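The values are calculated or read from the model by the stated rules, or taken from the named source; none is laboratory data. These numbers come from a predicted model, not from an experiment. Reconstructed Cβ throughout: ideal geometry from the backbone, glycine too, with neighbour counts over all protein chains shown. Surface accessibility is based on the protein's heavy atoms, side chains included, excluding ligands, DNA and RNA. Shrake-Rupley method; radii C 1.70, N 1.55, O 1.52, S 1.80 Å.
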Amino acid sequence: ESVNRTVVSQFFLKGFSGYPVLEHLLFPLCLAMYLVTLLGNTAIVAVSILDAHLHTPMYFFLGNLSILDICYTSTFVPLMLVHLLSSQKTISFIGCAIQMCLSLSTGSTECLLLAIMAYDRCLAICRPLRYPVLMSPRLCLLLAGAAWVLCLLKSVTETVIAMRLPFCGHHIVSHFTCEILAVLKLACGDTSVSEAFLLVGAILLLPVPLTFICLSYMLILATILRVPSAAGRHKAFSTCSAHLAVVLLFYGTVIFMYMKPKSKEARISDEVFTVLYAVVTPMLNPVIYSLRNKEVKEAVRTVWGRRKACR
């Protein structure tokens, strides 16, 4: 009771304010990456809708991933860009809660969606004859919908528990977003319940899906090795390595952030890693998952040709 508890109306997002040179370097870099993320993922969604040849489970999940990447980066990058150029780096209490919830929800959904996409590729390569039956449109909607809804409910619960804690002392968040671990460091109440929820969620959404992805790709590689054509094997190996690169980049940095031992003091490396998994990965996804795909390139040419013909 001796702790001075105050009603919090806003938080100050410290971010990179102690590194003004770094802020000026990060602004054009993050702005460019955000614009590429928006343009690339919007193009994937548009083409997958407009071209009937891409109305398949693979491109349905790719479209979901692109929408998710747009939502994920848009929860914090625009405000981060404003704060990089401004000395007023504040966010309201409600705004902080909304940003926290949406970031948790979209990030968690991406973990599950990457696992679903690996399962889809595993069925397509290992069970090609039964693939249309096994991966039906109804199952696609069920898997994607369940990932979005369950992760939203999980994130709302985690956010409500965290933001109902009493906050005291300074209200400076040692991060450039309302990241839940950074906000919890400001709480002067018992954070064990919130930390327990986060730990369970981290276990269910990080090691479990990652293990499933690795097992799926092991089955894929075992099937590819039985392909008699050297060219076919090389193409499949190249595709798998590209997919795994994005998966390992995303999961590796997230696991580092949420499952490493807690530190009393904030580190600049934490924020650099956050930028890595939250900005770079969504930018690379359109390139690695789709733009290297001949079907997508052909679909882009078809849609663009159709548009020019209409003019």
key: Complete set of residues in segment 7-41 that are out of contact with any helix residue (DSSP H, G or I) (no Cβ under 7 Å at 6 or more places or on another chain) and within 28 Å of ARG306 (Cα to Cα)   = LEU35, LEU39
request  = Pairs only if they're at least six apart or on different chains, beta carbon under 6 angstrom, first in segment 196-213 and more than 23 Å from ALA162 (Cβ to Cβ), second assigned to a helix (DSSP H, G or I) and hydroxyl-bearing (Ser, Thr, Tyr); list them, first residue then second.
outcome  = LEU210/TYR251
query = Within the set of pairs 6+ apart or on separate chains, which have a first residue in segment 54-78 that is without any contact (Cβ under 8 Å) to a residue 24 or more places away in the chain, a second that is of a type in the set (Val, Ile, Thr) and part of a helix (DSSP H, G or I), and C-beta atoms under 7 Å apart?
reply = GLY63/ILE44; GLY63/VAL45
inquiry  = Can you pull out every residue in segment 215-252 that is open to solvent by 70 Å² or more (accessible area, probe 1.4 Å), more than 24 Å from GLU110 (Cα to Cα) and modelled with pLDDT of 75 or more?
reply    = LEU225, ARG226, PRO228
ask   = When segment 192-214 is examined, which residues are found to be crowded, with 16+ Cβ neighbours inside 10 Å and hydroxyl-bearing (Ser, Thr, Tyr)?
value = SER194
ask   = Which of the residues that make up segment 66-103 are closer than 28 Å to VAL7 by Cα and in contact with an Asp or Glu (Cβ under 6 Å, 6 or more places away or on another chain)?
value = LEU84
Segments classed as helices (runs of 4 or more DSSP H), wholly inside segment 128-229, with at least 2 members that are of a type in the set (Val, Ile, Thr) = 137-163, 180-184, 192-205, 207-224
key: Output for segment 168-181, where each listed residue is more than 20 Å from SER74 (Cβ to Cβ) and in contact with a strand residue (DSSP E or B) (Cβ under 6 Å, 6 or more places away or on another chain)   = CYS168, HIS171, ILE172
key: Subset of segment 47-84 [assigned to a helix (DSSP H, G or I), open to solvent by 40 Å² or more (accessible area, probe 1.4 Å) and over 21 Å from ILE98 (Cα atoms)]   = ILE49, LEU50, ALA52, HIS53, PHE60
query = Hey, any hits in segment 91-114 for a residue that's within 26 Å of VAL183 (Cα to Cα), part of a strand (DSSP E or B), at pLDDT 90 or above and not acidic (Asp, Glu)?
reply = yes
